[in-house]
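> Supplied in structure tokens, the structure appears directly below.
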Amino acid sequence: MRILIKGAGVAGLTAALELTRRGLAVTVFDTALEIGRGASWFAGGMLAPWCERESAEQAVLDLGQSALDWWEEATPGLVSRNGTLVVAPARDREELSRFASRTSGYRLVNEDEIAALEPDLAGRFRHGLFFEGEGRLDPRLAMAALHRRLVENGVVFVLGGEAINEGGFDRIVDCTGHAQVGSLSGLRGVRGEMLYLATQEVSLSRPVRLLHPRIPLYIVPREPGRFMLGATMIETEEAGPISARSMMELLNAAYALHPSFGEAQIIESGTGIRPAFPDNLPRIVKEGKTLFINGAHRHGFLLSPAMARQAADILDQKEVSHADPRQRRSA
């Protein structure tokens, strides 16, 4: 069976790997000249199913728990599994309690334990939550590694074209994300904005989430001295540069985490339009010979492996009209 995957973001690349594991011949097509240049390029790369349960349905936790093992096998050496630290200023202690009430898989940590986990935060926060089982990866490095592996496995990439002849393929897997807004029922775009900061004055070993009733923030360490800040969630499909309001809020929150971020250099800003259905859960929809994998919202790297396995199962079964993560939690 010959499979055409449309879209070379995280959904398309993970689907390609799962399908090649089933012995299928796969071609990946994207109108961009390089892989992963859509919303995936601006992702945080946090593999944090327990933390994400705070604002997501149970299906995100159920589907996301296997993501760390999947990415570790698919991209050896790129997954860091040293947990997530969640903190809040003393005045926002209620936010920490609310976060804890909606999540699991954590242990409470005090001021000394926070300092042991992240020495540069010593004395800044009295209470926190440590999600020891979580991890992270750098999305850009992970997509590059996945691309190399797929090429080695015989996957054909056709990049930079306006269209591709679909007639020679038995099935099509559409992973084009927000490009399907207006075509897939209920799909909308949600704008996310991020910053990259560079500073040698702060060192972090793991993702840190700062809780705040208005500007929740996560900071993810990348290579030494560089940090990714995110992420806004704005109900709009308008692309373009980051807004002044979002930049100020992200920088103010970073400064609240550690004042040295006030002297950091802003080396990159970016926006991505994330596709989402009304319930913010991904779906697989079959129309004719095409499967649409879409609607990952803010959980692309966390949920794409499970959705890719579901898509591969559907193609094996030949005839399934719809897949919903709320009904297929074992995937």
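The values are calculated or read from the model by the stated rules, or taken from the named source; none is laboratory data. Computed from a prediction, not measured in an experiment: that's the story for all the values here. Reconstructed Cβ throughout: ideal geometry from the backbone, glycine too, with neighbour counts over all protein chains shown. When the accessible area is computed, the model is the full protein with side chains, heavy atoms only, and any ligands, DNA or RNA have been set aside. Shrake-Rupley method; radii C 1.70, N 1.55, O 1.52, S 1.80 Å.
> Give me the residue from the range 1-49 that is under 20 Å from residue 163 (Cα atoms), of a type outside the set (A, V, I, L, M) and touching a Phe, Trp or Tyr at 6+ places or on another chain (Cβ under 6 Å) and, out of that set, surrounded by the fewest Cβ atoms within 10 Å (Cβ to Cβ).
Out of the qualifying residues, it is 2.
> Could you list all residues from the range 168-177 that are open to solvent by less than 60 Å² (accessible area, probe 1.4 Å) and either free of Cβ contacts under 8 Å to residues at least 40 places away in the same chain or farther than 19 Å from residue 298 by Cα (or both)?
168, 169, 171, 172, 173
> Looking at the range 142-155 only, could you name the residues that are over 26 Å from residue 287 (Cβ atoms) and not polar (S, T, N, Q)?
142, 143, 144, 145, 146, 147, 148, 149, 151, 152, 154, listed by residue number.
> With (1) over 19 Å from residue 133 (Cα atoms); (2) open to solvent by 10 Å² or more (accessible area, probe 1.4 Å); (3) in a loop (DSSP other than H, G, I, E, B); (4) among the small types (Gly, Ala, Ser) as the list, and residue 55 as the residue in question, which single condition is left unmet?
That leaves (1) as the condition not met.
> Of all residues in the range 156-192, how many are closer than 18 Å to residue 281 by Cβ, among the β-branched types (Val, Ile, Thr) and over 18 Å from the mean Cα position of the chain (by Cα)?
1
> Among residues belonging to the range 312-323 that are open to solvent by 20 Å² or more (accessible area, probe 1.4 Å) and not in a loop (DSSP other than H, G, I, E, B), point out the one that is modelled with the lowest pLDDT.
322
> Just for the range 168-177: of the residues that are among the hydrophobic types (A, V, I, L, M, F, W, C) and not in a loop (DSSP other than H, G, I, E, B), which one is nearest to residue 272 (Cα to Cα)?
173
> Exactly one condition in (1) out of contact with any Pro (no Cβ under 9 Å at 6 or more places or on another chain); (2) over 17 Å from residue 45 (Cβ atoms) is not met by residue 230; state its number.
With respect to (1) out of contact with any Pro (no Cβ under 9 Å at 6 or more places or on another chain); (2) over 17 Å from residue 45 (Cβ atoms), residue 230 is out only on (2).
> Within the range 275-311, can you find the residues that are open to solvent by 20 Å² or more (accessible area, probe 1.4 Å), closer than 30 Å to residue 2 by Cα and part of a loop (DSSP other than H, G, I, E, B)?
288, 289, 296, 297
> Which condition from (1) in contact (Cβ under 8 Å) with a residue 12 or more places away in the chain; (2) of a type in the set (Lys, Arg); (3) out of contact with any strand residue (DSSP E or B) (no Cβ under 6 Å at 6 or more places or on another chain) is the one that residue 91 breaks?
Looking at each condition in turn, residue 91 falls short on (1).
> Would you check which residues across the range 63-74 are open to solvent by less than 10 Å² (accessible area, probe 1.4 Å) and under 15 Å from residue 45 (Cβ atoms) and list them?
64, 67, 68, 71, 74
> Follow-up. Looking at residue 77, is it modelled with pLDDT of 95 or more, open to solvent by 10 Å² or more (accessible area, probe 1.4 Å), out of contact with any His (no Cβ under 8 Å at 6 or more places or on another chain) and farther than 19 Å from residue 180 by Cβ?
In short, yes.
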